[in-house]
1. Sorting VAL246, VAL298, VAL233, VAL109 on the 10 Å Cβ count, fewest up front, what's the list?
2. Please give, to one decimal in nm, the separation of the simple spin-label points placed at GLN8 and GLN30, each 7 Å out from Cα toward the Cβ.
3. Is the chain rounded, prolate or oblate when judged by the Cα gyration tensor, a ≥ b ≥ c being the square roots of its eigenvalues, rounded requiring a/c under 1.5 and prolate requiring a/b larger than b/c?
4. Tell me which of VAL317, ALA199, ALA221 sits at the most positive position along the dipole axis of the chain, charges placed on C-beta atoms (Lys, Arg +1; Asp, Glu -1).
5. What net charge do the residues around VAL235 carry, taking every other residue with its C-beta under 11 Å from that of VAL235, with Lys and Arg at +1 and Asp and Glu at -1?
6. Relative contact order for the range 5-138 using alpha-carbon pairs under 8 Å, separation at least 6, rounded to a whole percent?
7. Using R₀ = 56 Å, calculate the FRET efficiency as 1/(1 + (r/R₀)^6) where r is the Cβ-Cβ separation of GLN184 and ASP116; round to 0.05.
8. Taking 0.36 nm per residue of sequence separation and subtracting the Cα-Cα distance, how much length would be gained by fully extending the chain between ASP16 and ALA280, in nm to one decimal?
Amino acid sequence: MLPTVEWQDDAIVMIDQRKLPGAEVYVKCQTASEVARAIKTMVIRGAPAIGVSAAMGLALGMKKSKATGTAKFAAEFQKTCELLASTRPTAVNLFWAIDRMRKCFAAAVQAGASVDEIKTRLESEARCIHDEDVAACRAIGRLGGELVPQKARILTHCNAGALATAGYGTALGVIRGAIEQGKQVSVFADETRPFLQGARLTAWELTHDGIDTTVITDNMAGTFMRQGMIDLVVVGADRIAANGDVANKVGTYGVAVLAKEHGIPFYVAAPSSTLDLATASGAGIPIEERPIREVTHVRSTRLTPELAKIRNPAFDVTPARYVTAIITERGVWRAPYEDSLRKAIG
């Protein structure tokens with residue numbers, strides 16, 4: 001499986017997801033600013049991958065700092081944290097990773113570490129965040145795979161695979177986990193307008209692995225459910241509130257409502273770093289509005305009249321009542337989520 005993001009020498013290297021599936025192009029980020037730009041412009045996307053990239057970008061930026069005194073180094077660290085935090089507002093993994101790096105920095109300072117020692121600790125912490133994400137995804141795959149019937153047709157929306165994480169994937173990790181458990185699985189991938197993460201990325205990942213995959217447009221999901229061709233839905237998440245409300249790629253809410261109407265299980269797969277117990281409900285989750293060009297154009301071709309108004313919310317919120325279970329690396333959690341998700345955090 002191709003790596004999503006890696007630390008190579010003095011650079012962070014990531015596959016440019018804007019170019020897929022047409023070309024496998026890698027972007028080499030040599031500064032924290034370049035990592036921030038890559039996150040903001042969707043070179044890399046997916047909540048866990050954003051968090052991993054931010055941690056690596058922060059460590060890389062501080063490794064290349066010219067500051068000699070701890071005070072100046074700390075001021076630069078704070079500025080770099082703010083830069084990376086400003087890139088994407090919805091994915092809580094971004095803020096979780098930055099907060100973890102802040103704690104690492106504070107512990108090093110408290111221990112009397114030198115600037116060089118702090119740099120080493122930050123790089124080590126970022127590498128740990130990367131490796132822990134891969135391990136979490138594999139655990140999600142094992143646990144989620146057990147929920148999949150022996151023969152299953154699975155619908156997924158957006159891309160919550162290896163490309164959205166440090167490797168293996170969350171929702172696609174469940175699919176991979178089920179297959180590794182010997183189950184016969186085929187996948188329906190919503191195309192996921194307007195950025196086409198399903199058509200471009202999910203389908204590319206799954207066919208790359210030899211997994212039976214059918215791409216459908218977003219407005220076809222209900223039709224296939226009514227025809228009895230979908231056995232379960234599994235999606236990822238960018239933020240999960242304390243009550244179990246789930247923010248994920250726009251269109252997820254509609255899929256969840258359709259699944260409920262047709263009596264189809266709707267599972268959410270995400271690492272525990274996606275849980276935001278400080279946010280009581282989905283009403284408190286900020287929803288990013290992305291550039292309108294993502295709606296008006298496909299590549300260089302304009303689809304809409306110039307005088308038409310455009311909206312482009314990147315995410316929506318699925319109320320907890322539509323969620324059958326939330327799968328994390330620590331277990332499968334069911335309603336009432338106010339109770340179960342507290343246990344999921346540990």
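Every number here is computed from the coordinates shown, using simple stated rules; none is lab data. Keep in mind that this is a model prediction, so the values were computed, not measured. Please note: Cβ atoms are built from the backbone with ideal geometry, for glycine as well, and neighbour counts cover all protein chains shown.
1. On the way: VAL246 30, VAL298 12, VAL233 27, VAL109 15.
Result, fewest neighbours first: VAL298, VAL109, VAL233, VAL246.
2. 1.4
3. Values: a/c = 1.76, a/b = 1.48, b/c = 1.19.
Because a/c hits 1.5 or more and a/b exceeds b/c, the chain counts as prolate.
4. The one lying farthest along the dipole's positive direction is VAL317.
5. Working: positive: LYS249; negative: ASP190, ASP238.
Charge balance in the 11 Å sphere: -1.
6. Details: 170 pairs, mean separation 32.3, N = 134.
Dividing the mean separation by the residue count of the range 5-138 yields 24 percent.
7. Numbers: r = 54 Å, r/R0 = 0.97.
Using R0 = 56 Å, I get an efficiency of 0.55.
8. Values: separation 264, 0.36 × 264 = 95.04 nm, distance 3.47 nm.
Extending this stretch completely gives an extra 91.6 nm.
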